[in-house]
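Visitor: This structure is in C-alpha cells; I'll ask about it shortly.
The values are calculated or read from the model by the stated rules, or taken from the named source; none is laboratory data. Just so we're clear, the structure is a prediction, and the values are computed from it rather than from any experiment. As a convention, Cβ positions derive from the backbone with ideal geometry for all residues, glycine included, and neighbour counts pool all protein chains shown. The area values use the complete protein model at the heavy-atom level, side chains included, leaving out ligands, DNA and RNA. Shrake-Rupley method; radii C 1.70, N 1.55, O 1.52, S 1.80 Å.
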Amino acid sequence: MKSLKAKKWYPWLVVGLLWVVALLNYMDRQMLSTMRASMAADITDLESTIMFGKVMAAFMWIYGFCSPVSGIVADRVNRKWLIVISLLVWSTVTLLLGYATTFNEVYALRAIMGVSEALYIPAALSLIADYFTGKQLSLAIGIHMTGLYMGQAVGGFGAFVAEQLSWQATFHWFGIIGIIYGFILVVFLYEKRTSESAEQLVEAKLPLGQTIAAGIRSIRMSFGMLLGNIAFWTILFFFASCSIPGWSTKNWLPELFASSLNISMVAAGPIATITIAVSSFIGVMIGGPMADNWSKKNLKGRIYTSAIGLTLMIPALVMMGFGASIFAAVGAGVLFGFGYGLFDANNMPILCQFVSSRNRGTAYGLMNMCGLFIGAFTTDFLGSLAAEGNMGLGFAMMAAALVIAVLLQLTVLRPTTLNKTDEDVESTELELANA
C-alpha cells in the first residue's frame, strides 16, 4: 500500500478521504440543533431555549479552548493518527448520545465532542496544504469544505430521521458509521511533511530533556512568528467576524425560520441547512478555481475572492433577520451560502501566503479558537434573544462586523507569494531564538 502515496492522483484521494470525515464532523454536531423537540420529550430541560443554548455553547467553548492546542499538536505529530483518533472519539460520543437520559449527560458528551472535533480541522487543512503546494490549493480546500456543508445538510434531516425511527437510534447509527470509517482511514490515509517538525526531533532520538526543551522553544517561536505578524491579526479578525454568522446559522437558523415563518422544525431544519449547504457547495466550486486562476495574475486574487464572499453575506444576514416569507428565507440562505463558500475556500490558501507550513496548524488553531469563542458568546446571546422573540434583530446586527472585515481585508493584506516557505522565515525564527 506504500506505493499508493507515490501516485500522482493520491493527493486528490486524500481530499476525498477527508471529505467524508468532514461530512461526519459537521453532521454529528449539526443533528442536535434539529432534534431538540424530539429529545425534549424525554429530556425536559431541553425544552428551554436558554438551556439548549448552553448545550450548544458548551461544545463551542470547549472546541475553542482546545483549538490552539490541537493546532500546536497538528504541527508536531503524525496528522494521520490525529485525524483517525479524533474521528473515533467523536463518533463514539455520537453513539453514546443515544443513551443519554439527563441534561447533564447531554452537556458532558457535547463537551467531549468539542475536544475530539477540535483536533480535526487544523490537522486536515494543513495536511491538504502540504499535498497541494501549487496552484490548485483553493480548489482542494474548497472541495474538502463541501464535505462540511454536506454534513450540515444531512444533519438538517436529524428531526426527520428521529421522527421515523427515534432520536436515540439516529445517534446510534451515525456513531457506528463514523467508527467503521475510522478503520478505513487507517489503511488508506498517509502523512506528508514539507518541513522539519517536533515529530522529526523525536525520530532523531534526542534525550528526553532536550526533546522537551526543543519542543517548548519551537512553540514559543511559532507564537512569536504569528502574533508579531499584522497580516495574521487581520486574517484572525475576518475569520472571527465570519464565524459569528457562521455558527449562528448552524445553531439557531432552524429555530429562527420555524418561529418567523410559523412552520414546524421538520420543515425549518432542511430549509435552513440545505439552502446554505447547497449554495455553499456551489460557492466553493466556483470560488476555488476562480481564486486559483485570479492568483496567477494577481497575488491578491484569493483575497479579492474572499472579500466578494463576505460582501454577499451582508445583505443575506439582513434578509434572515427581517424576512417573513419562504422566498426571503430561501433567498437569504442561498446568498449567504454562496458568499460563505467563496470565503471558506480561501481561508487556508490566504493563510499559506503569510504563514509557513510548519506553523499553519497552530495558526488555524488560533483562528478556530477566536471563531469559536465569539460564536459561543453569540449562541448564548441569541438564546436570550429567542426567549424575548428578538432573534431576527441579532442576525441583522452581525452584518456590521463583516463590513469592517472586508475593509481590513482589502487594505491590510499585501501578499508577496502564493505559498510562504520555511526558508522565508528562517532568519526571523533565528532572531526570536536568540532574543
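Visitor: Could you state the angle between the C-alpha long axis of helix 49-74 and the longest principal axis of the C-alpha atoms of the chain, as a value from 0 to 90 degrees rounded to the nearest 10?
Guide: The answer is roughly 10 degrees.
Visitor: Ordering C370, C242 by accessible area with a probe of 1.4 Å, largest first, what comes out?
Guide: From most exposed to least exposed: C370, C242.
Visitor: Work out the FRET efficiency for A40 and E191 from their Cβ-Cβ distance, taking R0 = 35 Å, and round it to the nearest 0.05. Each step should come with its number before you reach the end.
Guide: Values: r = 43 Å, r/R0 = 1.24.
Calculated value: 0.20.
Visitor: Around A129, with a cut-off of 12 angstrom between Cβ atoms, what is the net charge of the other residues, counting Lys and Arg +1 and Asp and Glu -1?
Guide: Counting the neighbours of A129, the net charge comes to +4.
Visitor: Moving on to the next point. If r is the Cβ-Cβ distance from T311 to N262 and R0 is 25 Å, what FRET efficiency results, to the nearest 0.05? Don't skip to the end; give the middle numbers.
Guide: Details: r = 31 Å, r/R0 = 1.25.
Step by step, r from the Cβ atoms, then E = 0.20.
Visitor: Then there is this: If all Cα-Cα distances of the range 1-111 are sorted into 10 Å bins from 0 onward, what percent lands in each bin, rounded to whole numbers?
Guide: 12, 37, 28, 16, 6, 1
Visitor: From the phi of every residue in the range 396-411, what ³J(HN,Hα) in whole Hz does the Karplus formula 6.51 cos²θ - 1.76 cosθ + 1.60 yield, where θ is phi - 60° and glycine or proline is x?
Guide: Computed from phi, the couplings for the range 396-411 are 5, 5, 5, 4, 4, 5, 5, 4, 5, 4, 4, 4, 5, 4, 7, 9 Hz.
Visitor: Quick check: Cα centre of the range 373-426 to Cα centre of the range 76-97, how many Å?
Guide: Measuring centre to centre over Cα atoms gives 28 Å.
Visitor: Please sort by residue number the chymotrypsin sites (Phe, Trp or Tyr not before Pro) in the range 75-137 whose DSSP state is loop and whose Cβ has at most 11 other Cβ atoms within 10 Å.
Guide: When the chymotrypsin sites (Phe, Trp or Tyr not before Pro) of the range 75-137 are filtered for loop state and at most 11 Cβ neighbours within 10 Å, Y99 remain.
Visitor: All other residues with a Cβ under 11 Å from the Cβ of L189 taken together, and with Lys, Arg as +1 and Asp, Glu as -1, what is their net charge? Before the final figure, lay out the partial values.
Guide: Working: positive: K5, R79, K80, K192; negative: E191.
With Lys, Arg at +1 and Asp, Glu at -1, the neighbours total +3.
Visitor: Also, I was wondering about something else. I'd like the Kirkwood hydrodynamic radius of the range 301-342, using the inverse of the mean 1/r over distinct C-alpha pairs, in Å. Provide the component values of the computation, followed by the final result.
Guide: Working: mean 1/r = 0.0979 Å⁻¹.
After inverting the pairwise mean of 1/r, the radius is 10.2 Å.
Visitor: In deg cm²/dmol, rounded to 500, what helix-only [θ] at 222 nm does the chain give when every DSSP H run of at least 4 residues adds -39500 (n - 2.57) and the total is split over its residues?
Guide: -27000 deg cm²/dmol
Visitor: Lysines within cross-link reach of K296: Cα-Cα under 27 Å, excluding same-chain residues under 8 positions apart?
Guide: K7, K8, K135, K192, K420
Visitor: Roughly speaking, what is the stretch gain from S48 to I184, that is 0.36 nm per residue apart minus the C-alpha to C-alpha distance, in nm to one decimal? Working shown, then result.
Guide: Working: separation 136, 0.36 × 136 = 48.96 nm, distance 3.99 nm.
This chain segment gains 45.0 nm when fully extended.
Visitor: Starting from 0.36 nm per residue, how many nanometres of slack lie between T421 and I85 once their C-alpha separation is accounted for? Write out the running numbers ahead of the final one.
Guide: Details: separation 336, 0.36 × 336 = 120.96 nm, distance 2.90 nm.
Separation in residues times 0.36 nm, less the Cα-Cα distance, equals 118.1 nm.
Visitor: Quick check: residue separation of Y107 and A6 times 0.36 nm, minus the Cα distance between them. What number comes out in nm?
Guide: Taking 0.36 nm per residue and subtracting the Cα distance, the gain is 31.9 nm.
Visitor: To the nearest 10 square angstrom, how much accessible area does S48 have with a 1.4 angstrom probe?
Guide: About 40 Å², rounded to the nearest 10.
Visitor: Next up: Using 1/(1 + (r/R0)^6) with R0 = 25 angstrom and r between the beta carbons of F322 and S384, what's the FRET efficiency to the nearest 0.05?
Guide: That pair, F322 with S384, gives E of 0.85.
Visitor: Suppose each label sits 7 Å from its Cα in the direction of the beta carbon; what would the Y99-R414 distance come out to in nanometres?
Guide: That separation, rounded to one decimal, is 5.9 nm.
Visitor: Probe of 1.4 angstrom, ligands and nucleic acids ignored: what's the accessible area per residue over the range 59-166, in square angstrom? Could the numbers behind the result be given before it?
Guide: Working: 3370 Å² over 108 residues.
The answer is 31 Å² per residue.
Visitor: Please work out the Cα convex hull volume for the range 304-372 and give it in Å³ per residue.
Guide: 85
Visitor: In the chain, carbon and sulfur make up what percent of the accessible area (probe 1.4 Å)?
Guide: 69
Visitor: Are there any GluC sites (Glu not before Pro) in the range 67-169 that are in a DSSP loop and have at most 11 other Cβ atoms within 10 Å? List them by number.
Guide: none
Visitor: Then there's this: Compute the helix-to-body angle for 103-118: its Cα long axis versus the longest principal axis of the chain, expressed 0 to 90° and rounded to tens.
Guide: For helix 103-118, the angle is close to 30 degrees.
Visitor: Residues with beta-carbon under 11 Å from that of L382, excluding L382: net charge, scoring Lys, Arg +1 and Asp, Glu -1?
Guide: Net charge in that neighbourhood comes out at -3.
Visitor: Expressed in nm², what is the orientationally averaged projection area of the convex hull enclosing the Cα positions of the chain?
Guide: Averaged projected area of the chain's Cα convex hull equals 20.3 nm².
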